[in-house]
1. Which of the residues spanning segment 121-134 are closer than 23 Å to residue 19 by Cβ and either of a type in the set (D, E, K, R) or surrounded by 20 or more Cβ atoms within 10 Å (Cβ to Cβ) (or both)?
2. On the basis of being modelled with pLDDT under 80, assigned to a helix (DSSP H, G or I) and touching a helix residue (DSSP H, G or I) at 6+ places or on another chain (Cβ under 8 Å), does residue 271 make the cut?
3. Quick check on segment 153-182: of everything there that is touching a residue at least 24 places away in the same chain (Cβ under 8 Å) and in a loop (DSSP other than H, G, I, E, B), which residue is farthest from the chain's Cα centre (by Cα)?
4. Considering only segment 96-120, state which residues are over 23 Å from residue 223 (Cβ atoms), buried (at least 19 other Cβ atoms within 10 Å of the Cβ) and not basic (Lys, Arg).
5. Among the listed residues 99, 109, which satisfies the condition of being in contact with a Pro (Cβ under 8 Å, 6 or more places away or on another chain), outside any helix (DSSP H, G or I) and assigned by TED's automatic domain parsing to the domain that holds residue 12?
6. Report yes if residue 279 is small (Gly, Ala, Ser), assigned to a helix (DSSP H, G or I), at pLDDT 70 or above and in contact with a helix residue (DSSP H, G or I) (Cβ under 8 Å, 6 or more places away or on another chain), otherwise no.
7. Within segment 116-137, restricting attention to residues that are in a loop (DSSP other than H, G, I, E, B), out of contact with any Leu (no Cβ under 9 Å at 6 or more places or on another chain) and within 22 Å of residue 71 (Cα to Cα), which residue is modelled with the lowest pLDDT?
8. Among the candidates 46, 88, 7, single out the residue that is surrounded by fewer than 20 Cβ atoms within 10 Å (Cβ to Cβ) and more than 30 Å from residue 193 (Cβ to Cβ).
Amino acid sequence: MLINCVAYQEGKKLSDIPVEDISEYLKLPDTFVWVALRDPDQAEIATMQEEFALHELAVEDAVRGHQRPKMEEYGDCVFVTLQILEFAGDELNSGELAVFAGPNYVLSVRRDANQGFLGVRARAEREPHQLKKGSGFVLYALADAVVDRYFPVVDRLEAELESIEDHIFGKVGEQRANIERLYALKRKSQTMRHAVIPLLDAVGRLYGGRVPPVVSETQDYFRDVHDHLLRIAGRLDAVRDTINTAIQVSLSMVAIEENDISKKLASYAAIFAVFTAFAGVWGMNFEFMPELKWRYGYPVALATMASVCGYMYWRFKKAGWI
């Protein structure tokens, strides 16, 4: 679906243009065309390929989707893919943004993501002195918007981790739920790492040293994006390490509680074993057992059993087994 198709000259918007006129505007001096698509079909992609003379391999990646973040050069065109992360309830969903940036055009293809980039276009149009830098600045603005949206995601992951940590030393019945929440959080953090870590390398190739001509005037901006990614990657590493530690602590708490339960069961089993032993001896009913004909034999037997069991209970209680 076509979102926008706009021509700019000298950093200022000329007009919205029909798709079939794109090739004509590309011939104008100091002019570039910015087209945004969302979940396009094959026919729309084919039209854009023809209008912008896009490389077939880059088009194939944009059509298929599900690409890892990367940056590739095809002649004078830079092809960049980024993952868009957004929460839907408690689930972290991953979409994709593919950007073709040539000397006088930018084509962005968004898939499987609800959040748009109209704000990016509005921001760029408010800064004509920046927009004069052409497609390189638009590529930066799109990448910067995607990366800035990572910060609320990692904030939420950290907040969720803190919430789980507050319950790690809680009741025993909560440990299983805590471990399940930790593994779910670990899966979300891995999803985010898959979006951030490869993008570090891709953005790192857009500043310093030899860079594509398209971004030659915007290297400093891409260095800023790279710095943001480094900050996010560091926070993700901290989240991952904390999750692993929390999982180990939770498992240890479960093991400790199981050991305490085993101690309690062993203690009560030992106490009842005393009853069994005494009852077994006095229940044999031999003819010459003196206790059988003694008037106080039965009360003494019960008192002895109760006294021994009481003593054992006291010892186990003192030892912390009960």
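The values are calculated or read from the model by the stated rules, or taken from the named source; none is laboratory data. Computed from a predicted structure; not experimentally measured. Note: ideal-geometry Cβ built from the backbone for every residue, glycine included; neighbour counts use all protein chains shown.
1. Step one: of segment 121-134, the residues closer than 23 Å to residue 19 by Cβ are 121-122, 124-125, 131, 134.
Residues satisfying the conditions are 121, 124, 125, 131, 134.
2. Numbers: modelled with pLDDT under 80: yes; assigned to a helix (DSSP H, G or I): yes; touching a helix residue (DSSP H, G or I) at 6+ places or on another chain (Cβ under 8 Å): yes.
For residue 271, the condition - modelled with pLDDT under 80, assigned to a helix (DSSP H, G or I) and touching a helix residue (DSSP H, G or I) at 6+ places or on another chain (Cβ under 8 Å) - is met.
3. This residue is 172.
4. 96, 104, 105, 107, 109, 113, listed by residue number.
5. Numbers: 99 fails: in contact with a Pro (Cβ under 8 Å, 6 or more places away or on another chain).
From the options 99, 109, the qualifying one is 109.
6. Criteria met by residue 279.
7. Step one: of segment 116-137, the residues in a loop (DSSP other than H, G, I, E, B) are 116-117, 127, 132-134.
Narrowing further to those that are out of contact with any Leu (no Cβ under 9 Å at 6 or more places or on another chain): 116, 127, 132-134.
Pick out the ones that are also within 22 Å of residue 71 (Cα to Cα) and you get 116, 133-134.
Values: 116: 85, 133: 89, 134: 89.
Once the filter is applied, the top-ranked residue is 116.
8. Details: 88 fails: more than 30 Å from residue 193 (Cβ to Cβ); 7 fails: surrounded by fewer than 20 Cβ atoms within 10 Å (Cβ to Cβ).
Matching residue, one of 46, 88, 7: 46.
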